[in-house]
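Student: Here you go, one structure.
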Amino acid sequence: MTHYDFDTVIDRHNTHCKRTDNLVSEFGSKDLLPLWIADMDFAVCSEISEALVNRFQGHPIYGYTNTYDEYWQSIIDWQRRRNGFEISREEMTFMPGGMPALGMILNFFTKPGDRVVLQEPVYYDFKDVIEGNHRLAVRNNLIPTGDHFYKMDLDDLERVFIQQNPRLMVVCNPQNPIGIVWKKEELQQVAALARRYNVILFSDEVFGDITLFGHKHTPLATVSEDAAAVTITCGSPGKTFNIPGLKSTWLVIKNPELRREFYRWVEVNELCNANIPALLATEVGYRKCEPWLEACKKYIEQNVLYVADYCKENIPGIYAIKPQASFLMWLDCRRLGLDHNELVRFFAEEAHLALNNGEIYGVPGYCHMRLNVGTPRALLEKAMGQLRDAVDRLKNR
(Lines give C-alpha, C1' and ligand atoms only; values in the text may rest on other atoms or scores of the structure.)
Protein backbone atom coordinates (compact mmCIF):
# COMPACT_ATOMS: atom_id res chain seq x y z
CA MET A 1 0.00 0.00 0.00
CA THR A 2 1.30 3.45 -0.91
CA HIS A 3 2.27 5.67 1.99
CA TYR A 4 1.17 9.28 1.68
CA ASP A 5 2.98 11.94 3.69
CA PHE A 6 0.68 14.41 5.41
CA ASP A 7 3.08 15.17 8.27
CA THR A 8 5.74 17.18 6.42
CA VAL A 9 5.40 20.91 7.08
CA ILE A 10 5.70 22.81 3.81
CA ASP A 11 6.58 26.50 4.00
CA ARG A 12 4.05 28.38 1.87
CA HIS A 13 5.30 31.89 2.58
CA ASN A 14 6.28 34.08 -0.38
CA THR A 15 4.55 31.83 -2.91
CA HIS A 16 1.65 34.25 -3.52
CA CYS A 17 -0.36 32.00 -1.20
CA LYS A 18 -3.38 33.75 0.32
CA ARG A 19 -3.20 31.63 3.45
CA THR A 20 0.23 32.95 4.44
CA ASP A 21 0.88 36.06 2.38
CA ASN A 22 -2.42 37.79 3.25
CA LEU A 23 -1.96 37.63 7.01
CA VAL A 24 -1.11 41.32 7.40
CA SER A 25 -3.95 42.54 5.20
CA GLU A 26 -6.52 40.19 6.80
CA PHE A 27 -5.34 39.99 10.43
CA GLY A 28 -2.92 42.87 10.93
CA SER A 29 0.13 40.72 11.70
CA LYS A 30 2.43 38.34 9.86
CA ASP A 31 3.38 36.45 13.04
CA LEU A 32 0.32 34.22 13.17
CA LEU A 33 -0.20 30.52 12.57
CA PRO A 34 -2.53 30.46 9.53
CA LEU A 35 -5.42 28.03 9.91
CA TRP A 36 -8.11 29.93 8.10
CA ILE A 37 -8.75 29.92 4.33
CA ALA A 38 -10.16 26.60 3.07
CA ASP A 39 -7.28 24.94 1.32
CA MET A 40 -5.06 22.29 2.88
CA ASP A 41 -1.36 22.36 3.77
CA PHE A 42 -0.74 18.96 2.18
CA ALA A 43 1.30 18.32 -0.95
CA VAL A 44 -0.84 17.49 -3.95
CA CYS A 45 -1.05 13.83 -4.92
CA SER A 46 2.11 13.01 -6.90
CA GLU A 47 0.14 11.67 -9.90
CA ILE A 48 -1.32 15.15 -10.43
CA SER A 49 2.03 16.92 -10.03
CA GLU A 50 3.78 14.51 -12.36
CA ALA A 51 1.08 14.82 -15.03
CA LEU A 52 1.32 18.61 -14.99
CA VAL A 53 5.13 18.60 -15.13
CA ASN A 54 5.13 16.08 -17.98
CA ARG A 55 2.62 18.13 -19.97
CA PHE A 56 4.51 21.41 -19.61
CA GLN A 57 7.91 19.87 -20.19
CA GLY A 58 6.67 17.63 -22.98
CA HIS A 59 5.00 20.23 -25.16
CA PRO A 60 6.06 23.88 -25.49
CA ILE A 61 2.75 25.36 -26.67
CA TYR A 62 0.03 26.32 -24.21
CA GLY A 63 -2.73 27.33 -26.59
CA TYR A 64 -6.50 27.39 -26.51
CA THR A 65 -7.73 24.13 -25.08
CA ASN A 66 -10.81 21.97 -25.60
CA THR A 67 -12.68 20.25 -22.79
CA TYR A 68 -11.98 16.76 -24.09
CA ASP A 69 -13.95 13.53 -23.71
CA GLU A 70 -11.64 11.91 -21.13
CA TYR A 71 -12.08 14.92 -18.85
CA TRP A 72 -15.87 14.67 -18.89
CA GLN A 73 -15.84 10.89 -18.55
CA SER A 74 -13.63 11.08 -15.45
CA ILE A 75 -16.29 13.20 -13.71
CA ILE A 76 -19.14 10.97 -14.89
CA ASP A 77 -17.38 7.81 -13.69
CA TRP A 78 -16.42 9.35 -10.35
CA GLN A 79 -19.93 10.54 -9.56
CA ARG A 80 -21.48 7.22 -10.56
CA ARG A 81 -19.02 5.20 -8.48
CA ARG A 82 -18.85 7.42 -5.39
CA ASN A 83 -22.33 8.91 -5.18
CA GLY A 84 -24.65 6.98 -7.47
CA PHE A 85 -25.13 10.20 -9.44
CA GLU A 86 -25.88 9.36 -13.07
CA ILE A 87 -25.00 12.26 -15.33
CA SER A 88 -24.40 12.71 -19.06
CA ARG A 89 -22.11 14.98 -21.03
CA GLU A 90 -24.95 17.16 -22.30
CA GLU A 91 -25.99 17.92 -18.71
CA MET A 92 -22.60 19.40 -17.83
CA THR A 93 -20.51 22.50 -18.38
CA PHE A 94 -17.13 23.76 -17.16
CA MET A 95 -16.86 26.71 -14.79
CA PRO A 96 -13.79 28.67 -13.60
CA GLY A 97 -14.77 28.35 -9.92
CA GLY A 98 -17.84 28.00 -7.73
CA MET A 99 -18.40 31.69 -7.03
CA PRO A 100 -18.03 32.69 -10.69
CA ALA A 101 -20.62 29.99 -11.40
CA LEU A 102 -23.00 31.45 -8.82
CA GLY A 103 -22.46 34.92 -10.27
CA MET A 104 -23.33 33.71 -13.76
CA ILE A 105 -26.43 31.90 -12.50
CA LEU A 106 -27.59 35.00 -10.65
CA ASN A 107 -27.15 37.16 -13.72
CA PHE A 108 -28.93 34.74 -16.03
CA PHE A 109 -31.83 33.51 -13.89
CA THR A 110 -32.52 36.54 -11.69
CA LYS A 111 -32.68 40.30 -11.97
CA PRO A 112 -31.48 43.10 -9.67
CA GLY A 113 -33.62 43.26 -6.56
CA ASP A 114 -34.59 39.59 -6.65
CA ARG A 115 -34.30 37.65 -3.41
CA VAL A 116 -31.98 34.70 -2.83
CA VAL A 117 -32.26 32.40 0.20
CA LEU A 118 -29.28 31.57 2.42
CA GLN A 119 -29.17 29.22 5.41
CA GLU A 120 -26.80 30.90 7.87
CA PRO A 121 -24.30 30.28 9.26
CA VAL A 122 -22.97 29.58 5.79
CA TYR A 123 -19.97 30.30 3.58
CA TYR A 124 -19.66 34.07 3.45
CA ASP A 125 -18.82 34.47 -0.24
CA PHE A 126 -22.37 33.44 -1.15
CA LYS A 127 -23.70 36.62 0.41
CA ASP A 128 -20.94 38.73 -1.15
CA VAL A 129 -21.73 37.43 -4.63
CA ILE A 130 -25.47 37.84 -4.15
CA GLU A 131 -25.30 41.39 -2.82
CA GLY A 132 -22.46 42.39 -5.13
CA ASN A 133 -24.76 41.56 -8.02
CA HIS A 134 -27.52 43.74 -6.53
CA ARG A 135 -29.71 40.88 -5.36
CA LEU A 136 -31.08 40.60 -1.82
CA ALA A 137 -30.01 37.81 0.52
CA VAL A 138 -32.89 36.57 2.71
CA ARG A 139 -32.31 34.22 5.62
CA ASN A 140 -33.64 30.83 6.55
CA ASN A 141 -31.20 30.26 9.38
CA LEU A 142 -30.22 26.84 10.68
CA ILE A 143 -31.54 25.84 14.11
CA PRO A 144 -29.21 24.69 16.90
CA THR A 145 -30.27 21.22 18.05
CA GLY A 146 -29.03 21.51 21.64
CA ASP A 147 -26.13 19.13 21.14
CA HIS A 148 -23.91 21.74 19.48
CA PHE A 149 -25.20 20.72 16.05
CA TYR A 150 -27.76 22.21 13.66
CA LYS A 151 -30.73 21.30 11.47
CA MET A 152 -32.79 23.00 8.78
CA ASP A 153 -35.86 25.03 9.73
CA LEU A 154 -38.21 23.75 7.04
CA ASP A 155 -41.31 25.48 8.42
CA ASP A 156 -39.52 28.81 8.23
CA LEU A 157 -38.25 27.95 4.74
CA GLU A 158 -41.79 27.62 3.45
CA ARG A 159 -42.68 30.93 5.12
CA VAL A 160 -39.71 32.58 3.38
CA PHE A 161 -40.74 31.11 0.03
CA ILE A 162 -44.30 32.43 0.46
CA GLN A 163 -43.53 35.86 1.89
CA GLN A 164 -40.26 36.74 0.14
CA ASN A 165 -40.94 35.11 -3.25
CA PRO A 166 -37.27 34.29 -3.94
CA ARG A 167 -36.10 33.13 -7.35
CA LEU A 168 -33.05 31.20 -6.11
CA MET A 169 -31.85 29.37 -3.00
CA VAL A 170 -28.28 28.36 -2.18
CA VAL A 171 -27.99 24.92 -0.59
CA CYS A 172 -24.54 24.24 0.87
CA ASN A 173 -24.31 20.44 0.63
CA PRO A 174 -22.26 19.39 2.61
CA GLN A 175 -22.53 22.49 4.73
CA ASN A 176 -19.70 24.96 5.35
CA PRO A 177 -18.66 26.04 8.05
CA ILE A 178 -20.26 23.40 10.32
CA GLY A 179 -19.65 20.37 8.14
CA ILE A 180 -23.19 18.97 8.05
CA VAL A 181 -23.96 16.12 5.65
CA TRP A 182 -27.62 16.69 4.84
CA LYS A 183 -29.87 13.64 4.93
CA LYS A 184 -31.83 12.54 1.89
CA GLU A 185 -35.15 13.24 3.62
CA GLU A 186 -34.16 16.85 4.41
CA LEU A 187 -33.08 17.46 0.84
CA GLN A 188 -36.30 15.93 -0.50
CA GLN A 189 -38.37 18.36 1.58
CA VAL A 190 -36.32 21.34 0.39
CA ALA A 191 -36.71 20.25 -3.23
CA ALA A 192 -40.46 19.71 -2.89
CA LEU A 193 -40.88 23.22 -1.48
CA ALA A 194 -38.64 24.72 -4.14
CA ARG A 195 -40.58 23.15 -6.97
CA ARG A 196 -43.91 24.13 -5.42
CA TYR A 197 -42.86 27.77 -5.14
CA ASN A 198 -40.80 27.97 -8.37
CA VAL A 199 -37.39 28.38 -6.74
CA ILE A 200 -34.14 27.25 -8.39
CA LEU A 201 -31.71 25.44 -6.08
CA PHE A 202 -27.99 26.12 -6.46
CA SER A 203 -26.40 23.17 -4.68
CA ASP A 204 -22.78 23.83 -3.74
CA GLU A 205 -21.28 20.34 -3.36
CA VAL A 206 -17.56 21.14 -3.42
CA PHE A 207 -16.99 19.32 -0.11
CA GLY A 208 -18.98 16.29 -1.21
CA ASP A 209 -15.91 14.09 -1.57
CA ILE A 210 -14.56 14.85 1.92
CA THR A 211 -17.14 13.07 4.05
CA LEU A 212 -15.87 11.79 7.41
CA PHE A 213 -16.59 9.11 10.00
CA GLY A 214 -18.72 6.96 7.69
CA HIS A 215 -21.05 9.70 6.49
CA LYS A 216 -22.07 9.58 2.83
CA HIS A 217 -22.71 12.55 0.57
CA THR A 218 -26.08 12.70 -1.19
CA PRO A 219 -26.15 14.89 -4.32
CA LEU A 220 -29.26 17.02 -4.11
CA ALA A 221 -30.29 16.35 -7.72
CA THR A 222 -30.58 12.60 -6.98
CA VAL A 223 -33.11 12.66 -4.16
CA SER A 224 -36.35 13.09 -6.14
CA GLU A 225 -37.95 14.16 -9.41
CA ASP A 226 -38.60 17.54 -7.81
CA ALA A 227 -34.90 17.92 -7.06
CA ALA A 228 -33.81 16.94 -10.56
CA ALA A 229 -36.21 19.51 -12.00
CA VAL A 230 -34.98 22.53 -10.00
CA THR A 231 -31.34 21.83 -9.04
CA ILE A 232 -28.12 23.24 -10.46
CA THR A 233 -25.30 21.12 -9.01
CA CYS A 234 -21.89 22.73 -8.54
CA GLY A 235 -19.00 20.31 -8.00
CA SER A 236 -15.24 20.53 -8.08
CA PRO A 237 -12.05 18.54 -7.52
CA GLY A 238 -10.56 21.62 -5.83
CA LYS A 239 -11.18 20.68 -2.19
CA THR A 240 -11.00 16.95 -2.99
CA PHE A 241 -7.41 16.95 -4.21
CA ASN A 242 -6.23 20.30 -2.77
CA ILE A 243 -6.10 22.04 -6.15
CA PRO A 244 -8.51 24.99 -5.67
CA GLY A 245 -6.04 27.41 -7.23
CA LEU A 246 -6.46 25.64 -10.58
CA LYS A 247 -10.08 26.87 -10.75
CA SER A 248 -11.69 23.70 -12.00
CA THR A 249 -15.43 23.47 -11.37
CA TRP A 250 -18.28 21.75 -13.17
CA LEU A 251 -22.04 22.19 -13.23
CA VAL A 252 -24.75 19.60 -13.76
CA ILE A 253 -28.30 20.61 -14.71
CA LYS A 254 -30.59 17.64 -15.26
CA ASN A 255 -33.60 19.65 -16.45
CA PRO A 256 -33.13 20.48 -20.18
CA GLU A 257 -35.53 23.44 -19.95
CA LEU A 258 -33.40 24.90 -17.15
CA ARG A 259 -30.03 24.33 -18.79
CA ARG A 260 -30.58 24.83 -22.53
CA GLU A 261 -30.55 28.61 -22.80
CA PHE A 262 -28.21 29.05 -19.83
CA TYR A 263 -25.56 26.78 -21.30
CA ARG A 264 -25.95 28.55 -24.65
CA TRP A 265 -25.46 31.93 -22.92
CA VAL A 266 -22.39 30.64 -21.09
CA GLU A 267 -20.96 29.29 -24.34
CA VAL A 268 -21.48 32.36 -26.53
CA ASN A 269 -19.92 34.55 -23.85
CA GLU A 270 -16.98 32.12 -23.58
CA LEU A 271 -17.51 31.78 -19.85
CA CYS A 272 -16.97 28.01 -19.90
CA ASN A 273 -13.53 28.04 -21.54
CA ALA A 274 -11.07 25.88 -19.62
CA ASN A 275 -7.30 25.79 -19.23
CA ILE A 276 -4.75 23.00 -19.57
CA PRO A 277 -3.85 22.48 -15.88
CA ALA A 278 -7.46 22.57 -14.69
CA LEU A 279 -8.56 19.90 -17.15
CA LEU A 280 -5.55 17.65 -16.71
CA ALA A 281 -5.49 17.83 -12.89
CA THR A 282 -9.21 17.06 -12.76
CA GLU A 283 -8.94 14.03 -15.02
CA VAL A 284 -5.88 12.62 -13.24
CA GLY A 285 -7.36 13.29 -9.81
CA TYR A 286 -10.59 11.46 -10.54
CA ARG A 287 -8.80 8.63 -12.36
CA LYS A 288 -5.75 8.01 -10.19
CA CYS A 289 -5.92 9.80 -6.83
CA GLU A 290 -8.74 8.08 -4.94
CA PRO A 291 -6.28 6.24 -2.63
CA TRP A 292 -4.65 9.58 -1.77
CA LEU A 293 -8.06 11.05 -0.94
CA GLU A 294 -9.00 8.17 1.33
CA ALA A 295 -5.68 8.44 3.19
CA CYS A 296 -6.14 12.20 3.48
CA LYS A 297 -9.62 11.78 4.94
CA LYS A 298 -8.31 9.40 7.60
CA TYR A 299 -5.64 11.94 8.53
CA ILE A 300 -8.26 14.70 8.75
CA GLU A 301 -10.47 12.50 10.95
CA GLN A 302 -7.62 12.02 13.40
CA ASN A 303 -6.97 15.78 13.43
CA VAL A 304 -10.66 16.41 14.13
CA LEU A 305 -10.66 13.97 17.04
CA TYR A 306 -7.44 15.48 18.38
CA VAL A 307 -8.87 19.02 18.43
CA ALA A 308 -12.20 17.92 19.93
CA ASP A 309 -10.50 15.94 22.69
CA TYR A 310 -7.90 18.63 23.34
CA CYS A 311 -10.55 21.31 23.83
CA LYS A 312 -12.60 19.06 26.10
CA GLU A 313 -9.61 18.26 28.28
CA ASN A 314 -7.66 21.54 28.21
CA ILE A 315 -9.90 24.37 26.99
CA PRO A 316 -13.42 23.71 28.32
CA GLY A 317 -14.43 27.25 27.37
CA ILE A 318 -14.34 26.19 23.71
CA TYR A 319 -16.50 23.43 22.23
CA ALA A 320 -15.12 22.03 18.96
CA ILE A 321 -17.89 20.61 16.78
CA LYS A 322 -16.83 17.48 14.91
CA PRO A 323 -17.75 17.92 11.23
CA GLN A 324 -19.42 15.18 9.22
CA ALA A 325 -17.60 16.49 6.14
CA SER A 326 -14.74 18.84 5.21
CA PHE A 327 -11.49 19.74 6.95
CA LEU A 328 -13.07 22.66 8.82
CA MET A 329 -14.16 22.81 12.46
CA TRP A 330 -16.73 25.18 13.94
CA LEU A 331 -15.60 26.38 17.37
CA ASP A 332 -18.22 27.54 19.87
CA CYS A 333 -16.34 30.02 22.05
CA ARG A 334 -19.25 31.56 23.94
CA ARG A 335 -18.18 30.13 27.30
CA LEU A 336 -14.98 32.18 27.21
CA GLY A 337 -17.06 35.17 28.28
CA LEU A 338 -15.82 37.52 25.54
CA ASP A 339 -17.95 39.53 23.17
CA HIS A 340 -17.36 38.83 19.51
CA ASN A 341 -14.96 41.66 18.77
CA GLU A 342 -12.95 40.74 21.84
CA LEU A 343 -12.91 37.12 20.70
CA VAL A 344 -11.56 37.96 17.25
CA ARG A 345 -8.86 40.14 18.80
CA PHE A 346 -8.08 37.42 21.36
CA PHE A 347 -7.37 34.79 18.71
CA ALA A 348 -5.08 37.05 16.70
CA GLU A 349 -3.33 39.07 19.41
CA GLU A 350 -3.26 36.64 22.35
CA ALA A 351 -3.25 33.17 20.77
CA HIS A 352 -1.41 34.35 17.62
CA LEU A 353 -3.70 32.31 15.41
CA ALA A 354 -5.36 33.25 12.13
CA LEU A 355 -8.82 31.67 12.09
CA ASN A 356 -11.97 32.73 10.28
CA ASN A 357 -14.23 35.12 12.18
CA GLY A 358 -17.54 33.34 12.78
CA GLU A 359 -19.70 36.41 12.22
CA ILE A 360 -18.79 36.60 8.53
CA TYR A 361 -20.92 33.46 8.16
CA GLY A 362 -23.94 35.34 9.50
CA VAL A 363 -25.40 36.44 12.82
CA PRO A 364 -25.51 32.84 14.16
CA GLY A 365 -21.71 32.88 14.00
CA TYR A 366 -21.50 35.26 16.97
CA CYS A 367 -18.68 34.12 19.29
CA HIS A 368 -17.73 31.28 16.95
CA MET A 369 -14.56 30.77 14.94
CA ARG A 370 -13.72 28.46 12.02
CA LEU A 371 -10.58 26.34 12.28
CA ASN A 372 -8.91 24.59 9.32
CA VAL A 373 -7.51 21.20 10.41
CA GLY A 374 -6.24 20.26 6.94
CA THR A 375 -2.69 20.73 8.16
CA PRO A 376 0.17 18.60 9.53
CA ARG A 377 -0.40 17.43 13.10
CA ALA A 378 2.69 19.27 14.35
CA LEU A 379 1.21 22.63 13.32
CA LEU A 380 -2.13 21.72 14.84
CA GLU A 381 -0.51 20.76 18.13
CA LYS A 382 1.38 24.05 18.14
CA ALA A 383 -1.84 25.95 17.47
CA MET A 384 -3.76 24.21 20.24
CA GLY A 385 -0.93 24.82 22.71
CA GLN A 386 -0.94 28.52 21.85
CA LEU A 387 -4.70 28.64 22.30
CA ARG A 388 -4.59 26.83 25.65
CA ASP A 389 -1.89 29.17 26.97
CA ALA A 390 -3.84 32.23 25.85
CA VAL A 391 -7.03 30.98 27.52
CA ASP A 392 -5.11 30.23 30.72
CA ARG A 393 -3.77 33.79 30.77
CA LEU A 394 -7.30 35.06 30.15
CA LYS A 395 -8.65 33.11 33.16
CA ASN A 396 -5.87 34.39 35.41
CA ARG A 397 -6.44 38.09 34.74
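The values are calculated or read from the model by the stated rules, or taken from the named source; none is laboratory data. What you see is a predicted model; the values in this text were computed from it and never measured. Cβ atoms come from the backbone with ideal geometry, glycine included; neighbour counts cover every protein chain shown.
Student: Run down Phe241, Phe202, Phe161, Phe213 and say which single residue is aromatic (Phe, Trp, Tyr), surrounded by fewer than 19 Cβ atoms within 10 Å (Cβ to Cβ) and either in contact with a helix residue (DSSP H, G or I) (Cβ under 8 Å, 6 or more places away or on another chain) or not in a loop (DSSP other than H, G, I, E, B) (or both). Explain how you work it out, then say what you get.
Tutor: Working: Phe241 fails: surrounded by fewer than 19 Cβ atoms within 10 Å (Cβ to Cβ); Phe202 fails: surrounded by fewer than 19 Cβ atoms within 10 Å (Cβ to Cβ); Phe161 fails: surrounded by fewer than 19 Cβ atoms within 10 Å (Cβ to Cβ).
Only one candidate qualifies: Phe213.
Student: Right, something else. Let me confirm something: among Glu70, Glu91, Glu50, which residue is of a type in the set (Asp, Glu) and in contact with an Asp or Glu (Cβ under 6 Å, 6 or more places away or on another chain)? Can you show your working first?
Tutor: Numbers: Glu91 fails: in contact with an Asp or Glu (Cβ under 6 Å, 6 or more places away or on another chain); Glu50 fails: in contact with an Asp or Glu (Cβ under 6 Å, 6 or more places away or on another chain).
When all the criteria are applied, what remains is Glu70.
Student: In addition: Can you confirm whether segment 6-16 contains a residue that is aliphatic (A, V, I, L, M), buried (at least 19 other Cβ atoms within 10 Å of the Cβ) and assigned to a loop (DSSP other than H, G, I, E, B)?
Tutor: Step one: list which residues in segment 6-16 are aliphatic (A, V, I, L, M), which gives 9-10.
Going one step further and asking which of them are buried (at least 19 other Cβ atoms within 10 Å of the Cβ), we end up with none.
There is no residue in segment 6-16 that is aliphatic (A, V, I, L, M), buried (at least 19 other Cβ atoms within 10 Å of the Cβ) and assigned to a loop (DSSP other than H, G, I, E, B).
Student: Scan segment 76-84 and tell me whether some residue there is surrounded by 12 or more Cβ atoms within 10 Å (Cβ to Cβ), over 19 Å from the mean Cα position of the chain (by Cα), acidic (Asp, Glu) and assigned by TED's automatic domain parsing to the domain that holds Pro244.
Tutor: yes
Student: Also: Anything in segment 164-183 that is surrounded by fewer than 16 Cβ atoms within 10 Å (Cβ to Cβ) and either closer than 20 Å to Pro323 by Cβ or at pLDDT below 95 (or both)? List them, or say none.
Tutor: Scanning segment 164-183 gives a single hit, Lys183.
Student: Can you tell me which residue in segment 100-122 is surrounded by the fewest Cβ atoms within 10 Å (Cβ to Cβ), limited to those that are closer than 20 Å to Gly179 by Cβ and of a type outside the set (S, T, N, Q)? Quick ask: steps written out before the conclusion?
Tutor: Here is the first cut: in segment 100-122, the residues closer than 20 Å to Gly179 by Cβ are 118-122.
Retained after the next criterion (residues that are of a type outside the set (S, T, N, Q)): 118, 120-122.
On the way: Leu118: 23, Glu120: 19, Pro121: 26, Val122: 25.
Checked segment 100-122; the qualifying residue surrounded by the fewest Cβ atoms within 10 Å (Cβ to Cβ) is Glu120.
Student: Going by what's in this entry, would Leu371 be described as more than 20 Å from the chain's Cα centre (by Cα) and aliphatic (A, V, I, L, M)? Outline the logic, then answer.
Tutor: Working: more than 20 Å from the chain's Cα centre (by Cα): no; aliphatic (A, V, I, L, M): yes.
No, not satisfied.
Yes/no matrix, rows are residues, columns are (1) out of contact with any helix residue (DSSP H, G or I) (no Cβ under 8 Å at 6 or more places or on another chain); (2) of a type outside the set (D, E, K, R); (3) at negative phi:
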position	(1), (2), (3)
Met92	no, yes, yes
Gly98	yes, yes, yes
Leu102	no, yes, yes
Ile105	no, yes, yes
Lys111	yes, no, yes
Val117	no, yes, yes
Ile130	no, yes, yes
Arg135	no, no, yes
Val138	no, yes, yes
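Student: Being in a strand (DSSP E or B) and not small (Gly, Ala, Ser) is the filter here, so list the residues in segment 267-322 that pass it.
Tutor: Filtering segment 267-322 for residues in a strand (DSSP E or B) gives 319-321.
Of everything in segment 267-322, those that are in a strand (DSSP E or B) and not small (Gly, Ala, Ser) turn out to be Tyr319, Ile321.
Student: Scan segment 76-134 for residues that are within 26 Å of Phe149 (Cβ to Cβ) and of a type in the set (Gly, Ala, Ser) and jot them down.
Tutor: Gly84, Gly98
Student: List every residue pair whose Cβ atoms lie under 6 Å apart, where the two residues are 6 or more positions apart in sequence or sit on different chains, the first residue falls within segment 46-68 and is within 13 Å of Glu283 (Cα to Cα), and the second residue, located anywhere, is of a type outside the set (A, V, I, L, M, F, W, C) and surrounded by 10 or more Cβ atoms within 10 Å (Cβ to Cβ).
Tutor: Final answer for the pair search is Glu47/Lys288; Ile48/Gly285; Leu52/Pro277.
Student: Of all the residues that make up segment 20-45, how many are of a type outside the set (Val, Ile, Thr), farther than 20 Å from Glu301 by Cβ and in contact (Cβ under 8 Å) with a residue 24 or more places away in the chain?
Tutor: Filtering segment 20-45 down to residues of a type outside the set (Val, Ile, Thr) leaves 21-23, 25-36, 38-43, 45.
Narrowing the set further to residues that are farther than 20 Å from Glu301 by Cβ leaves 21-23, 25-34, 36.
Applying the additional criterion that residues be in contact (Cβ under 8 Å) with a residue 24 or more places away in the chain yields 23, 26-29, 31-34, 36.
Adding up the residues that qualify gives 10.
Student: Would you check if Arg195 is modelled with pLDDT of 95 or more, in contact with an Asp or Glu (Cβ under 6 Å, 6 or more places away or on another chain) and not in a loop (DSSP other than H, G, I, E, B)? Lay out the reasoning, then the answer.
Tutor: Working: modelled with pLDDT of 95 or more: yes; in contact with an Asp or Glu (Cβ under 6 Å, 6 or more places away or on another chain): yes; not in a loop (DSSP other than H, G, I, E, B): yes.
Yes: the conditions hold for Arg195.
Student: Follow-up. Going by the structure shown, is His352 in contact (Cβ under 8 Å) with a residue 24 or more places away in the chain, on the phi > 0 side of the Ramachandran plot, buried (at least 17 other Cβ atoms within 10 Å of the Cβ) and in contact with a helix residue (DSSP H, G or I) (Cβ under 6 Å, 6 or more places away or on another chain)?
Tutor: Details: in contact (Cβ under 8 Å) with a residue 24 or more places away in the chain: yes; on the phi > 0 side of the Ramachandran plot: yes; buried (at least 17 other Cβ atoms within 10 Å of the Cβ): yes; in contact with a helix residue (DSSP H, G or I) (Cβ under 6 Å, 6 or more places away or on another chain): yes.
Here the answer is yes, as His352 does meet what is asked.
Student: I'd like to verify a number: residues in segment 123-148 that are of a type in the set (Gly, Ala, Ser) and under 21 Å from Ile178 (Cα atoms), how many?
Tutor: Start the filter on segment 123-148 by keeping residues that are of a type in the set (Gly, Ala, Ser), which leaves 132, 137, 146.
Now restrict to residues that are under 21 Å from Ile178 (Cα atoms): 137, 146.
Adding up the residues that qualify gives 2.
Student: While we're looking at this one, here's another question. Report, by residue number, each residue of segment 22-41 that is closer than 25 Å to Asn176 by Cβ and either outside the structural domain of Asn341 (by TED's automatic domain parsing) or among the hydroxyl-bearing types (Ser, Thr, Tyr) (or both).
Tutor: Ser25
Student: Also, I was wondering about something else. Evaluate the following for Ala229: is it free of Cβ contacts under 8 Å to residues at least 60 places away in the same chain, among the aliphatic types (A, V, I, L, M) and either in the same structural domain as Met152 (by TED's automatic domain parsing) or outside any helix (DSSP H, G or I) (or both)? Break it down into steps so the answer makes sense when it comes.
Tutor: Values: free of Cβ contacts under 8 Å to residues at least 60 places away in the same chain: yes; among the aliphatic types (A, V, I, L, M): yes; either in the same structural domain as Met152 (by TED's automatic domain parsing) or outside any helix (DSSP H, G or I) (or both): yes.
In short, yes.
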